[in-house]
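Accompanying notes for the structure given below.
The values are calculated or read from the model by the stated rules, or taken from the named source; none is laboratory data. What you are looking at is a predicted structure, and each value in this text was computed from that prediction instead of being measured. Cβ: placed from backbone, ideal geometry, glycine included. Neighbour counts: every protein chain shown.
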Amino acid sequence: MYLHGTSRINDQGHLEIGGCDTVELAKQYGTPLFVYDEEFIREKSRSYIQAFEKTEFSFQVAYASKAFMSMAMCQLCEEENLSLDVVSGGELYTALKAGFPPQRIHFHGNNKTLEEMEMAMDANIGCFVVDNFYELEVLHELAVKKEREVSILLRLTPGIEAHTHDYISTGQDDSKFGFTVSNGMALQAIKLALSKSNYRLLGIHSHIGSQIFETTGFVGAVQVLGEFLINVRKETDHAVKVLNLGGGFGIRYTAEDDPLPAEQYISEITAEVGRQFKGMDYPLPEIWIEPGRSIVGEAGTTLYRIGSIKEIPGIRTYVAVDGGMTDNIRPALYGSKYEVMLANRANAAKEQEVSIAGKCCESGDMLVWDVPIPKAESGDLLAVSCTGAYGYAMASNYNRIPRPAVVFVRDGASKLVIKRESYDDLMKNDQMLKDLISYKG
């Protein structure tokens, strides 16, 4: 298993993260357990800001909170001068409860409810990223009712498909997200937004995919959007102030992945924006980006306790752990791959090839296939790296399994930031049938 961030093997032969022995963390907090390397998160956050500071552009780096959202994460984002991208009322509520500055919150989503729009407007968030004509009308009606001017971006679909998994590619024309550029829908949306008295159209947004390892897609999106904005200015005499190019910056899950450093993504993106807009005598826009996975993904490690081991001679050995698809759905959903380590015997020689099975009553609950590890024993502590993004965020209570705890570690200290769910937590919203229905004889 590749050691990310502050991870290392200590003198006891145990995996250590943030100066904390994972064996001791498992004893203290139980398993499954999400462990986040706080210093590594901060380092990743700063890498984007520092990259922009080397350019001539004004900018905002907004953490895409859907990757992992908690009050502690919101506090960290504020301390690192990040803005926040939210996509639901729950994420917005979490940010507000954490005291995150609402002016630095951007609200995304293709089907925001009226209640969510009202909550965001009442909180005076920085902007809405409007996704469709329905929202464009409903949000404005609410703004008029509340006598508010609302800042918006329009999410566009530029027709650029990044080199990534089909399930997580969102920039091509056939997408549930955004106004399509190629068929005139985007220009129609711009004109409609400019006609609305209570809108302040800041600019446009696009997101071309996720887990992207090259800059070609971003450069292509800038070219398409630049040409579009020149046409907008011709048609409406309006020049936007913000160009939001979304996120999608890749990370290293396994040796097969080869992501670029943040500085290379930013330098090539900003260079292309400069070429496009200066060449067209267009005012340089403020550039916004929305990294999520690339900030927290590699910083997260999940610790599991090994239980049953099933050997099928000549076929496969299954090693079962006390978590699975309830805390990491990505292998089942996307076929995602991970690296593993026996955290309590990190220096032991790899003697066998096994497949890591989850505990759910589901044949598809497999975390990792055919991975070499030392001879596993029941009670061993298994670490799965790079689970910081879309692990806890997509966790469920399938099979009535409580969600794990989450800790942040730094400088030899650990902080519990999300408590482990209890069985009582699972039951707190349940009602007995006899309490709900009155039978008439």
task = May I ask you to verify whether Ala51 is outside the structural domain of Glu149 (by TED's automatic domain parsing), more than 18 Å from the chain's Cα centre (by Cα), over 26 Å from Arg200 (Cα atoms) and of a type outside the set (Val, Ile, Thr)?
result = yes
note = In region 214-267, anything assigned to a loop (DSSP other than H, G, I, E, B) and of a type in the set (Val, Ile, Thr) is listed as Thr215, Val240, Ile251, Thr254
ask   = Does at least one position in region 285-298 carry a residue that is touching an Asp or Glu at 6+ places or on another chain (Cβ under 8 Å) and without any contact (Cβ under 8 Å) to a residue 60 or more places away in the chain?
value = no
task = Pick out the one residue from Glu227, Glu214, Glu272 that is closer than 30 Å to Val384 by Cβ and acidic (Asp, Glu).
result = Glu214
key: Residue that is farthest from Asn397 (Cα to Cα) [pool: residues in region 31-56 that are in contact with a Pro (Cβ under 8 Å, 6 or more places away or on another chain) and assigned to a loop (DSSP other than H, G, I, E, B)]   = Thr31
query = When region 210-236 is examined, which residues are found to be under 15 Å from Gly247 (Cα atoms) and touching a helix residue (DSSP H, G or I) at 6+ places or on another chain (Cβ under 7 Å)?
reply = Ser210, Gln211, Thr215, Phe218, Val219, Val222
query = Does Thr326 meet the test of being of a type in the set (S, T, N, Q) and under 30 Å from Cys360 (Cα atoms)?
reply = yes
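Output the strands (runs of 3 or more DSSP E) that fall wholly within region 354-441 and possess 3 or more residues being among the β-branched types (Val, Ile, Thr), or say none. Talk me through it step by step, then tell me what you get.
On the way: elements: 366-373, 381-385, 405-410, 413-418.
Strands (runs of 3 or more DSSP E) meeting the threshold: 366-373, 405-410.
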query = When residues of region 274-319 are filtered for being assigned by TED's automatic domain parsing to the domain that holds Gly248, over 27 Å from Ile251 (Cα atoms) and among the aliphatic types (A, V, I, L, M), how many remain?
reply = 2
inquiry  = Can you find, within region 261-283, the residue that is nearest to the chain's Cα centre (by Cα) among those that are among the aliphatic types (A, V, I, L, M) and modelled with pLDDT of 95 or more?
reply    = Ala262
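So, Ala193, is that one free of Cβ contacts under 8 Å to residues at least 60 places away in the same chain and not assigned by TED's automatic domain parsing to the domain that holds Ala389 or not?
no
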key: Out of Asp327, Asp370, Asp411, sole residue that is buried (at least 18 other Cβ atoms within 10 Å of the Cβ), acidic (Asp, Glu), modelled with pLDDT of 95 or more and within 29 Å of the chain's Cα centre (by Cα)   = Asp327
remark   = Only unsatisfied item for Val417, checking (1) at pLDDT 95 or above; (2) over 25 Å from the mean Cα position of the chain (by Cα), is (2)
message = List the residue pairs whose Cβ atoms are under 7 Å apart, where the first residue sits in region 115-131 and is outside any helix (DSSP H, G or I), the second is buried (at least 18 other Cβ atoms within 10 Å of the Cβ) and among the β-branched types (Val, Ile, Thr), and the two are 6 or more positions apart or on different chains.
response = Ile125/Ile105; Gly126/Ile105; Cys127/Ile152; Phe128/Val150; Phe128/Ile152; Val130/Ile152
message = Considering only residues that are crowded, with 17+ Cβ neighbours inside 10 Å and either hydrophobic (A, V, I, L, M, F, W, C) or not in a loop (DSSP other than H, G, I, E, B) (or both), which ones fall in region 343-353?
response = Ala343, Ala346
query = What are the residues in region 7-30 that are touching a residue at least 12 places away in the same chain (Cβ under 8 Å) and assigned to a loop (DSSP other than H, G, I, E, B), if any?
reply = Ser7, Gly13, His14, Gly18, Gly19, Gly30
task = Determine whether region 92-110 contains at least one residue that is within 20 Å of the chain's Cα centre (by Cα), modelled with pLDDT of 95 or more, of a type in the set (A, V, I, L, M, F, W, C) and assigned to a strand (DSSP E or B).
result = yes
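Answer yes or no as to whether Leu139 is within 23 Å of Ala72 (Cβ to Cβ) and not β-branched (Val, Ile, Thr).
So Leu139 does not fit the description; no.
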query = Quick one: which of Glu56, Glu16 is crowded, with 23+ Cβ neighbours inside 10 Å, farther than 14 Å from Leu416 by Cα and acidic (Asp, Glu)?
reply = Glu16
remark   = Among the residues of region 165-191, the number that are crowded, with 16+ Cβ neighbours inside 10 Å and at pLDDT below 65 is 4
